[in-house]
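Working notes, beginning with the structure itself.
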Amino acid sequence: MKKSKNKVEEFIRVDHAGERGAVKIYEGQLLALNTFVKDENLKKIIEEMKVHEKEHCDFFENEIKIRKIKPTKFLPLWDLLGVGLGFGSTILGRKAAMLCTASVEEVIDEHYLNQINQLGSEEKKLKKKIIKFRKDELHHKDIAYEKGATKKGFYSILDKIIKTGSKVAINISEKV
């Protein structure tokens, strides 16, 4: 299926914002772990996942420059909200911190799969990267559930809030 240049630009813009947002969430979580919440094991897990997100972000940052695509105008707001979400979820404890990762990754899984299905052979390199990044995100989701993410009780509300926020950010970042 052939995609217009405009659609590919939207994909890159939103993926750049999303991967940068993921880095900011992990920065917020690490800020909480370095100040209020002492959990060295969780800190190590988050630092490892942040490395992948940084790799993803760097790829899209480069694509934005090469293709001369304007990043979303909402980057400063997404940065602030990402750090706040990461910090806040970690202050609530390990389960909430890991649910934050799981919830975001579940939205991103669907988002990336949708892009993969729309990208054609003219965007082979981009498609290959998104396939790889989706695999990384699914791995993060699995780790989050292994390390305590849950959707029971209050956490089901937190899951819905995080997923709704992620979807809103995606829809806005594609266009603006």
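Bear in mind that the values in this text are calculations on the coordinates, not laboratory data. Source: prediction; values computed, not measured. Neighbour counts run over all protein chains shown; Cβ positions are idealised from the backbone, glycine included.
The table that follows gives values for the structure above.
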item	result
Flagged links, alpha-carbon separation over 22 Å, of Lys24/Lys124; Lys7/Lys141; Lys54/Lys151; Lys54/Lys127	Lys24/Lys124; Lys7/Lys141; Lys54/Lys151
Within straight-line cross-link reach of Lys43, aspartates and glutamates at Cα separation under 19 Å, skipping those fewer than 8 residues along the same chain	Glu27, Glu53, Glu55, Glu105, Asp136, Glu137, Asp142, Glu146
Whole-percent pair-distance distribution, where bins are 5 Å wide, for the alpha carbons of the chain	1, 9, 18, 22, 20, 14, 8, 5, 2, 0
Distance between region 100-150 and region 34-68 - C-alpha centres, whole angstrom	15 Å
Selection from Asn114, Leu33, Ala102 lying farthest towards where the dipole of region 5-175 points positive, charges on Cβ	Asn114
Point-charge dipole on Cβ atoms (K/R +1, D/E -1) for region 5-175, about Cα centre, debye to 20	300 debye
Assigned charges on the beta-carbon of Lys, Arg, Asp, Glu; region 1-97 dipole about Cα centre (debye)	460 debye
Tail beyond 13 Å, pair distance distribution of region 3-59 (Cα, percent)	62 percent
